[in-house]
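Trainee: Below is the structure I would like to discuss, written out as structure tokens.
The values are calculated or read from the model by the stated rules, or taken from the named source; none is laboratory data. Remember, predicted model here, so these are calculated numbers, not experimental data. Note that we place each Cβ from the backbone using ideal geometry, even for glycine, and neighbour counts take in every protein chain shown.
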Amino acid sequence: DTGVSQDPRHKITKRGQNVTFRCDPISEHNRLYWYRQTLGQGPEFLTYFQNEAQLEKSRLLSDRFSAERPKGSFSTLEIQRTEQGDSAMYLCASSRSLEAFFGQGTRLTVV
Amino acid sequence: KQEVTQIPAALSVPEGENLVLNCSFTDSAIYNLQWFRQDPGKGLTSLLLIQSSQREQTSGRLNASLDKSSGRSTLYIAASQPGDSATYLCAVSSGNEKLTFGTGTRLTIIP
């Protein structure tokens, strides 16, 4: 059990470019979550998967954001046409029961 | 809408002292409450999870209590050490799978 893994750890992109992040959950965890955290704030929920089904999306997840979990294992979060306001830490978490375990996050900077 | 508040936003204490961090939430209909630690620029490390039917949980020098009816939780840290310096976040689950976080308490232990 190597914990939740996120890639890349850091991403700098120009405004208007598309970016994709990957999350590998703890094996056998059927639930996977994406959160976004800006400086000085707590993480905010973006979306949630149970196996391959995306069951809930926050209103924070605009049309430029899309998340997938094609085989119920790893997940990707894509942001199209990035804006400076997208700069944040993107956190992935997984769980099998009650306790959520988080990855190290992907720090996105849009310049 | 569930709201989570953590006071104080920052706390500095000398090494060796015992301390208490506070968390309050507006909707008492929670399933569980989880305390996390976050080091600068890093992801979240789960410290303790308290189910709604429980009053407290202990792990080493950490003890978390939950008073669901009053919407409060505390995290007690005994015999603080410089390595305890981090931001501590509490989060509640209201049964819809997502966690609602507070903004955290930034703790500094002075050697």
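Trainee: Residues in the stretch B:62-111 that are in contact with a Lys or Arg (Cβ under 9 Å, 6 or more places away or on another chain), modelled with pLDDT under 95 and under 16 Å from B:Leu44 (Cα atoms): how many?
Mentor: Residues meeting the conditions: 0.
Trainee: What about A:Leu91, is it within 10 Å of another protein chain (Cβ to nearest Cβ), assigned to a strand (DSSP E or B), more than 14 Å from the chain's Cα centre (by Cα) and among the aliphatic types (A, V, I, L, M)? Even if it seems obvious, please write down each step before you answer.
Mentor: Details: within 10 Å of another protein chain (Cβ to nearest Cβ): yes; assigned to a strand (DSSP E or B): yes; more than 14 Å from the chain's Cα centre (by Cα): no; among the aliphatic types (A, V, I, L, M): yes.
No, not satisfied.
So that you can scan it fast, the table gives a plain yes or no per residue for (1) touching a helix residue (DSSP H, G or I) at 6+ places or on another chain (Cβ under 9 Å); (2) within 9 Å of another protein chain (Cβ to nearest Cβ); (3) of a type outside the set (Phe, Trp, Tyr); (4) touching a residue at least 12 places away in the same chain (Cβ under 8 Å):
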| residue | (1), (2), (3), (4) |
| --- | --- |
| A:Val4 | no, yes, yes, yes |
| A:His10 | no, no, yes, yes |
| A:Asn18 | no, no, yes, yes |
| A:Cys23 | no, no, yes, yes |
| A:Tyr33 | no, yes, no, yes |
| A:Pro43 | no, yes, yes, yes |
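Trainee: Could you look through the stretch A:88-111, keep only residues that are in contact with a strand residue (DSSP E or B) (Cβ under 6 Å, 6 or more places away or on another chain) and free of Cβ contacts under 8 Å to residues at least 40 places away in the same chain, and pick out the one that is farthest from B:Trp35 (Cα to Cα)?
Mentor: So the residue we want is A:Leu98.
Trainee: Given the conditions (1) assigned to a strand (DSSP E or B); (2) of a type outside the set (A, V, I, L, M, F, W, C); (3) surrounded by fewer than 18 Cβ atoms within 10 Å (Cβ to Cβ); (4) at the interface with chain B (Cβ under 9 Å from one of its Cβ atoms), report the number of the one that A:Tyr48 does not fulfil.
Mentor: Of (1) assigned to a strand (DSSP E or B); (2) of a type outside the set (A, V, I, L, M, F, W, C); (3) surrounded by fewer than 18 Cβ atoms within 10 Å (Cβ to Cβ); (4) at the interface with chain B (Cβ under 9 Å from one of its Cβ atoms), only one is false for A:Tyr48: (3).
Trainee: Could you say which residue among A:Ser75, A:Ser58 is at pLDDT 95 or above and under 13 Å from the mean Cα position of the chain (by Cα)? Break it down into steps so the answer makes sense when it comes.
Mentor: Details: A:Ser58 fails: at pLDDT 95 or above.
Being at pLDDT 95 or above and under 13 Å from the mean Cα position of the chain (by Cα) holds for just one of A:Ser75, A:Ser58, which is A:Ser75.
Trainee: Of all residues in the stretch A:53-87, which are touching a residue at least 24 places away in the same chain (Cβ under 8 Å), of a type in the set (D, E, K, R) and exposed (fewer than 14 other Cβ atoms within 10 Å of the Cβ)?
Mentor: Once the filter is applied, which keeps residues that are touching a residue at least 24 places away in the same chain (Cβ under 8 Å), of a type in the set (D, E, K, R) and exposed (fewer than 14 other Cβ atoms within 10 Å of the Cβ), the stretch A:53-87 yields A:Glu78, A:Arg81, A:Glu83.
Trainee: Right, next: For a quick check of your reading: which strands (runs of 3 or more DSSP E) sit entirely within chain B and have at least 2 residues that are away from chain A (no Cβ under 11 Å) and over 25 Å from A:Tyr90 (Cα atoms)?
Mentor: Working: elements: B:4-7, B:10-14, B:19-25, B:32-38, B:44-51, B:56-59, B:62-67, B:72-77, B:86-93, B:99-101, B:105-110.
By residue number, B:10-14, B:19-25, B:56-59, B:62-67, B:72-77, B:105-110.
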